[in-house]
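What follows draws every value from the coordinates through simple rules; no lab data is involved. Since this is a predicted model, take the numbers as computed values, not measurements.
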Amino acid sequence: MPRITLPESSVFSLDLTLGCGQVFRWEKTGAWWTGVVEKEVIRIRQKGRSLIFEGTSRERIHDYFGLDTDLGFILDSIDRDPVIHGVITECNGLRLVNQPPWECLASYICATYANIPGIRKKISLLSETFGEPIPAGPGPVFYSFPSADDLAESAPCDLSRCSLGYRAPYLCSTAREIASDPGWEERINALDYDVARRDLMQFKGVGPKVADCVLLFAFRKYEAFPVDVWIARIMQRHYGAAENRGYEQISRSGREYFGPYAGYAQEYLYGDRERLLS
């Protein structure tokens, strides 16, 4: 199997990266993680400083896991107080995954007011129902995530069969808009954070949190600071956010405090949430 040997200066934890809740199509069995990225079924494990994998290229592994990103520089940038310093120590090696934009957008529309097992179920049903089977040898069948074109041709009632509930018409509407706007990825990528956020929020089912997640996980706009109930509690307990402060206020305070890599701070805080709130 191919392998990548990480340089001494490159800190990376595969388990922390895939297990922190930022992606929904990876499962761990023994030492191996198996996941679907676009139309590839990837198996990967980490052994010390080596990543051993199959089903994809070295270039994909480097790009998907952001292995060429200077994580040390980013962590030094957000290391501003004892709380985040302790989190960096606990979660060192966690990297943000570079997700395919449409899949990320659709997944986070499905994720609204749902827990991680529920999100996984919805995405699995969507893929099995509307995606394409991926040849991967003997064993279970894996499916690609359906394209916007695939979902645009479906009625909301068809999507509802995938346990989407009230999200079905949102996803259907957004799929149709994306299918008719092939340059949307390039447009969002070229925009500054604030403008890109407003642009994404024009899609049905995309509020501030979904927009921030998509900008952070698919467009590498690292200043995005998504806020869920865990981050809100952490910001209240450790960073002085008042309990009555809303999403926009907490997100803005996170961006202002942690700076251009606030999204990394958010993911590290989320990854260490149980300790921080115990």
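Summary value for the chain: 19 percent relative contact order, contacts being C-alpha pairs under 8 angstrom separated by 6+ residues. Here the gap between Glu54 and Leu6, fully extended at 0.36 nm per residue and compared with their Cα-Cα distance, gives a gain of 15.6 nm.
Per-residue extension of 0.36 nm, minus the Cα-Cα distance of Trp32 and Tyr239, leaves a gain of 70.8 nm for this segment.
Classify the stretch 101-217 as rounded, prolate or oblate from the Cα gyration tensor: take a ≥ b ≥ c as the square roots of its eigenvalues, call it rounded if a/c is under 1.5, otherwise prolate when a/b beats b/c and oblate if not. In terms of gyration-tensor shape, prolate. One chain, two ends: Lys204 and His62. Fully extended at 0.36 nm per residue, the span grows by 47.8 nm beyond their Cα-Cα distance.
Between Gly21, Gly48, Gly137, the Gaussian network model of the chain with springs among Cα atoms under 10 angstrom shows the greatest mean-square fluctuation at Gly137. Comparing Asp228, Asp68, Asp150 in a Gaussian network model of the chain (Cα springs below 10 Å), the most mobile by mean-square fluctuation is Asp68. Distance check, please: which entries in Lys122/Lys204; Lys47/Lys121; Lys28/Lys121; Lys47/Lys209 exceed 27 angstrom between their Cα atoms? Pairs exceeding 27 Å: Lys47/Lys121; Lys47/Lys209. For the chain, the average shadow cast by the Cα convex hull is 14.7 nm², which is a quarter of the hull's surface. Shape analysis of the stretch 5-136 places it in the oblate category; the axes a ≥ b ≥ c from the Cα gyration tensor give an a/c of at least 1.5, with a/b not above b/c.
A compact globular protein would have a Cα radius of gyration near 2.2 N^0.38 Å; the ratio found for the stretch 86-147 is 1.42.
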